[in-house]
Amino acid sequence: MTIDWQAEAAKHQADYLADLTTMLRVPSFRDDSQATADAPLGPGPKQALTTFLAIAERDGFKTKNIDNLVGYAEYGEGDETLAVLAHVDEMPAGNGWDTDPFEPTMKDGKLYARGASDDKGPGMAAYYGLKMVKELGLKLNKKVRFIVGTDEESNWTGMKRYFEVEPAPTLGFSPDAEFPLINGEKGNVSLQVKFGKQAQGDYVLTTFDSGLRENMVPREATATLTVPDPEKVSADFTAFLAAQPVTGTVSDQTATGLTLAVVGKAAHGMEPRNGINAGTYLATFLNQYAFAADAKAFLTFIATKLHDDSRVKQLGLAYKDDVMGDLTMNVGLLHFDQQAGGALTLNFRYPKGIEPADLTNGVTTQLPAGATVSQGDFMVPHYVDPDDPIVKDLMAVYRRQTGDEASQPEIVGGGTYGRMMKRGVAFGALFPHTADTMHQANEFQPVADLMAAMAIYGESIAVLATE
């Protein structure tokens, strides 16, 4: 039968927005400090998961909660499984919001809230796509599982657990990126650089703090200092701010010390050029002074090797693949204190042709004496051939519903759950005409876009699960 998917989606708009509002009101960023045996990633991720599963149970889906880490709603039967992989966790809200990030606010047709764009808004649109398929009674030849993870923004603990204890899906997509479709994702690895704690001298760096997550460009940075002439440093700072794309303040100024704060712009770490890294700007300012020992090494390394260099030329690691593009680096976490010393977390998105060991070795050669580097877990680059039927089918649905014949499948630096399946891609829900506010203050998604995505997802599930 012929189905007007946009008309079907419109029938569900009120219910969709009500369920999405329920989800958005749950602060669901991972918080290990509040982790328990029953809530292994903290109370927020668990609450978001159980809230979603309750919605799915209400709608008549078979559901399963796996260790309060991951869960799914299931519909249909078949030897093969189509998976839709979303996540209900989110980044911490951070500062700079004009509205309460956990009280969804509608302004000019846009829904503002943490998670509106990444990934609760798109995820719930995809869920409603499956709900429409179910309500229409379409006969499927594949089982469909809508799988939700609870720490996509950190270590993927939940989704990794799913693939440990459940059969791998045959194919699928993740509604956690942009349209038209992403068929390739760069590799992802973080390096931790450690410095000593010696900081004595005429200029003393007492503390330096910047960054909320390694995959987020830091919006804010603060440093507390002891200096011979606080008034001069304050005047220098004011002049620095006037010449740079950041703002800042001086506080707690005394005869021997002061606190400096810088505000830049947050952005997703997959493309640091979209943000302004407050931490590297503050370190660059401080590097002009005669700080001592490890504190000086910490500041100098940031200022001369990392600042404003997402393409890692200053580390001698610049690399580009003809298909996957540039190697990029986000300086996501920056910290120094006199008890723990200095620590940096560098998040790299790397294309085919380079390995994490190459990055570790390259950074090591640039380190000052006494500093060390260690490598965290990594994900290898992921690529699905554009001629694979899943790519062709999803692109056909997108083009049918939007009339956009020009857009082509893309390769990006971001990482989605799609990469966990050999035939997995990322598919929406950010349209080419809409600003990307993921991981930023005042995150939003136009409601019209979300409804258009719902229609696209409904038809896509029908196409992929009825062939």
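Out of all the residues in the range 36-62, which are under 14 Å from Ile147 (Cα atoms) and assigned to a loop (DSSP other than H, G, I, E, B)? The answer is Phe61, and nothing else. Within the range 338-350, the residues that satisfy the criterion of being buried (at least 17 other Cβ atoms within 10 Å of the Cβ) and over 18 Å from the mean Cα position of the chain (by Cα) are Gly341, Gly342, Leu344. Just a yes or no: is a residue in the range 132-145 under 30 Å from Asp387 (Cα atoms) and among the polar types (S, T, N, Q)? Yes, some residue in the range 132-145 is under 30 Å from Asp387 (Cα atoms) and among the polar types (S, T, N, Q). Val263 passes every criterion in (1) touching an Asp or Glu at 6+ places or on another chain (Cβ under 6 Å); (2) under 21 Å from Gly342 (Cβ atoms); (3) of a type outside the set (Phe, Trp, Tyr) apart from (2).
Somewhere in the range 129-136, is a residue hydrophobic (A, V, I, L, M, F, W, C) and either touching a Gly at 6+ places or on another chain (Cβ under 7 Å) or in a loop (DSSP other than H, G, I, E, B) (or both)? Taking every residue of the range 129-136 in turn, at least one turns out to be hydrophobic (A, V, I, L, M, F, W, C) and either touching a Gly at 6+ places or on another chain (Cβ under 7 Å) or in a loop (DSSP other than H, G, I, E, B) (or both). Taken together, Val133, Val148 contain a single residue that is touching a residue at least 40 places away in the same chain (Cβ under 8 Å), more than 10 Å from His87 (Cα to Cα) and surrounded by 24 or more Cβ atoms within 10 Å (Cβ to Cβ), which is Val133. Can you tell me which residues in the range 140-168 are touching a Ser or Thr at 6+ places or on another chain (Cβ under 7 Å) and charged (D, E, K, R)? The answer is Lys142, Lys143, Arg145, Asp151.
Number of residues in the range 203-249 that are over 22 Å from Leu306 (Cβ atoms), in contact with a helix residue (DSSP H, G or I) (Cβ under 8 Å, 6 or more places away or on another chain) and basic (Lys, Arg): the value is 0. The residue pairs whose first member lies in the range 94-115 and is at pLDDT below 95, whose second member is of a type in the set (Val, Ile, Thr), and whose beta carbons are closer than 9 Å, counting only pairs six or more residues apart or on different chains, are Asn95/Val263; Gly96/Val263. Within the range 402-413, one or more residues are modelled with pLDDT under 95 and crowded, with 19+ Cβ neighbours inside 10 Å. Has the range 356-363 got at least one residue that is assigned to a loop (DSSP other than H, G, I, E, B), surrounded by fewer than 19 Cβ atoms within 10 Å (Cβ to Cβ) and not β-branched (Val, Ile, Thr)? There is no residue in the range 356-363 that is assigned to a loop (DSSP other than H, G, I, E, B), surrounded by fewer than 19 Cβ atoms within 10 Å (Cβ to Cβ) and not β-branched (Val, Ile, Thr).
Among the residues of the range 365-388, the one identified as in a helix (DSSP H, G or I) and surrounded by 14 or more Cβ atoms within 10 Å (Cβ to Cβ) is Gln366. Within the range 179-198, the set of residues being crowded, with 24+ Cβ neighbours inside 10 Å, over 30 Å from Ala455 (Cα atoms) and not polar (S, T, N, Q) comprises Val193, Phe195.
Being within 27 Å of Gly403 (Cα to Cα), of a type in the set (D, E, K, R) and not in a loop (DSSP other than H, G, I, E, B) is a property that Lys160 lacks.
The values are calculated or read from the model by the stated rules, or taken from the named source; none is laboratory data. Note that the structure is predicted; figures quoted are calculated from it, not measured. No Cβ is skipped: glycine too gets one built from the backbone with ideal geometry, and neighbour counts run over all protein chains shown.
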